[in-house]
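*Asks:* Before I ask anything, here is the structure I am working with.
The values are calculated or read from the model by the stated rules, or taken from the named source; none is laboratory data. In this text, all values refer to a predicted model and were calculated from it rather than measured experimentally. Because the Cβ atoms are built from the backbone with ideal geometry, glycine has one as well, and the counts that use them run over all protein chains shown. For the accessible areas, the whole protein counts, side chains as well, though only heavy atoms, and no ligand, DNA or RNA atoms are used. Shrake-Rupley method; radii C 1.70, N 1.55, O 1.52, S 1.80 Å.
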Amino acid sequence: MRIHIATDHAGLEFSTQLQQHLAAQGHDVVDHGPVEYDPVDDYPAFCIRAAQAVVCDQAQGIETLGVVFGGSGNGEQIAANKVQGIRAALVWNISTAELARQHNDANVIAIGARQHTFEEAASFIDRFIATPFSNEERHVRRIAQIADFERDGSLLPDPRAGATQPDVLADESSSFDPEAG
């Protein structure tokens, strides 16, 4: 499997270890992070490039996933999720790694490199990679709803909307801009 990874300065040492760990398992690892330590570098471009590469590979039928990490993993997850077609999940234990794949068909995992030992984080990543999507109808349906919103802003009707409370997101004055991604 091809694994695209990205980090910033907070995970640079972790990145080197992870690349060796994944390559030893036979994975094709592509690093989108920094090439040298810079304590003031910024993670968004690194993580977005890794996410874009995952989407591109998947569109070409290449079996691929992504791993993004930084101090907490939060910003890295947010950045990756800005790429259309990415479902990045912040993972902090084995269960969240497994459920991200089984239920959400997550294609990128985000981890806080300062929150875990390398061994812990590697175990989360290994489980994420090894866990298949369940393909259960309820999960397929929910993922499709997210993709619909991502594509054109469509949502299921708000069950609370009525004469006294309109569905503001279905209103033409909605702030959703499909061109903004």
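*Asks:* Restricting to the stretch 65-101, what's the tally of residues that are in a helix (DSSP H, G or I), over 12 Å from the mean Cα position of the chain (by Cα) and not hydrophobic (A, V, I, L, M, F, W, C)?
*Replies:* Total satisfying the criteria: 3.
*Asks:* Starting from the stretch 149-160, keep only residues that are among the aliphatic types (A, V, I, L, M), then list their pairs with residues that are open to solvent by 80 Å² or more (accessible area, probe 1.4 Å) and modelled with pLDDT under 95 whose Cβ atoms are within a distance under 6 Å, requiring at least 6 positions of separation or different chains.
*Replies:* L155/L169
*Asks:* Quick check: anything in the stretch 54-67 in contact with a His (Cβ under 7 Å, 6 or more places away or on another chain) and within 12 Å of S15 (Cβ to Cβ)?
*Replies:* No - not one qualifying residue is present in the stretch 54-67.
*Asks:* Report, by residue number, each residue of the stretch 48-64 that is open to solvent by 10 Å² or more (accessible area, probe 1.4 Å) and either within 11 Å of the chain's Cα centre (by Cα) or of a type in the set (S, T, Y) (or both).
*Replies:* I48, Q52, V55
*Asks:* What number goes with the only condition from (1) open to solvent by less than 50 Å² (accessible area, probe 1.4 Å); (2) of a type in the set (G, A, S); (3) not in a loop (DSSP other than H, G, I, E, B) that A106 does not pass?
*Replies:* Single failed check for A106: (3).
*Asks:* Tell me whether the stretch 123-133 contains one or more residues that are in a helix (DSSP H, G or I) and touching a Phe, Trp or Tyr at 6+ places or on another chain (Cβ under 7 Å).
*Replies:* Scanning the stretch 123-133, I find no residue that is in a helix (DSSP H, G or I) and touching a Phe, Trp or Tyr at 6+ places or on another chain (Cβ under 7 Å), so the answer is no.
*Asks:* Okay, next question. Do the conditions hold for G11, that is, is it small (G, A, S) and in contact with a strand residue (DSSP E or B) (Cβ under 9 Å, 6 or more places away or on another chain)?
*Replies:* yes
*Asks:* Further question: Does L90 qualify as being modelled with pLDDT of 95 or more and crowded, with 24+ Cβ neighbours inside 10 Å?
*Replies:* no
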